[in-house]
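The values are calculated or read from the model by the stated rules, or taken from the named source; none is laboratory data. Because the structure is predicted, anything quoted here is derived from the model rather than measured. Here Cβ is always computed from backbone atoms with ideal geometry, including for glycine, and neighbour counts include all displayed protein chains.
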Amino acid sequence: MSRRKKSHQGHGTANRPRLWGRHAVAAALDNPNRRVLKAWATRDAASFMQFPPEVAVTLAEAPDLGRLVPSDAPHQGVVIEVEPLEDAWLDGILTEAPERAVLLVLDQVTDPHNVGAILRSAAAFGAIGIVTQDRHSPPESGVVAKAASGALERLPWARVVNLARALEEIGDAGFWRIGLAGDADTDLKDALGPQRVALVLGAEGPGLRHNTREHCDSLARLPISDTVESLNVSNAAAVALYAATAG
């Protein structure tokens, strides 16, 4: 199990993150594993958000809610403070994986908007979970939850201490590990084949680290046009997920 981050997020803390936006909050309220500590809402939002009776809701005007979240955050009239979810165990994800499965592995992708968007795409395409390195990934936050649009509550997220060791475990569980790299000679569609696939993506700019590449079974690239140098990592993840699940 990984160590929970202790650093501040600006509004709320890593140990008591604040979530906002109607989709993110509704998904949190529907998740039996999520403990909601506080809630603030406009009268309009409170009238249709299904807050459990044990959660006291403080009615507030929209400008007051704006001071509870980062500047310009689209809170849509509702903010909650929660306890972080328990991290998923990697071996649990692997043990419960069906015969045909796609897993996402993120190599030091730290931007919370990107991680949230990747969670959303992973849930949309039926991935069984994501794996990140604990010290080089964002903590739970309103930014991650808003970008994930509910997927943070639904998709297992395993944080590991050693990504290379995790990739070894993933390989031992029968997953074909494909590292996405712009300098690869093989297109992704030609690297696919085994029914269990782990798609490994690196951060924008640095890409996959050398040791991560060494722990992949193959390297592949997305066949994008020469008019752009590369895709945003969340866009690349969505394209790769589609390719891996379309067959």
- [ ] Could you tell me which numbered condition residue 110 fails, if it satisfies all but one of (1) polar (S, T, N, Q); (2) closer than 24 Å to residue 243 by Cβ; (3) modelled with pLDDT under 95?
- [x] (2)
- [ ] Look at the stretch 96-118 and say how many of its residues are farther than 20 Å from residue 138 by Cα and in contact (Cβ under 8 Å) with a residue 60 or more places away in the chain.
- [x] 5
TODO: For the stretch 165-173, indicate whether the set of residues that are closer than 19 Å to residue 234 by Cβ and either touching a residue at least 12 places away in the same chain (Cβ under 8 Å) or surrounded by 23 or more Cβ atoms within 10 Å (Cβ to Cβ) (or both) is non-empty.
DONE: no
Task: Unique residue being within 23 Å of residue 116 (Cβ to Cβ), in contact (Cβ under 8 Å) with a residue 40 or more places away in the chain, assigned by TED's automatic domain parsing to the domain that holds residue 113 and in contact with a Ser or Thr (Cβ under 6 Å, 6 or more places away or on another chain) when the list is 237, 220 - done: 237
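Let's see how each residue does on (1) surrounded by 13 or more Cβ atoms within 10 Å (Cβ to Cβ); (2) at pLDDT below 90:
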site: 33; (1), (2): no, no
site: 36; (1), (2): yes, no
site: 48; (1), (2): no, yes
site: 52; (1), (2): no, yes
site: 71; (1), (2): no, yes
site: 75; (1), (2): yes, no
Open item on the list: Name the residue that is surrounded by the most Cβ atoms within 10 Å (Cβ to Cβ), counting only residues in the stretch 118-143 that are among the β-branched types (Val, Ile, Thr) and at pLDDT 95 or above.
Closed with: 118
- [ ] Being aliphatic (A, V, I, L, M) and within 10 Å of residue 244 (Cβ to Cβ) is the filter; apply it to the stretch 173-190 and report the residue that is farthest from the chain's Cα centre (by Cα).
- [x] 188
Open item on the list: Restricting to the stretch 119-168, and then to whatever is in a loop (DSSP other than H, G, I, E, B) and in contact with a Pro (Cβ under 6 Å, 6 or more places away or on another chain), can you tell me which residue is farthest from residue 14 (Cα to Cα)?
Closed with: 129
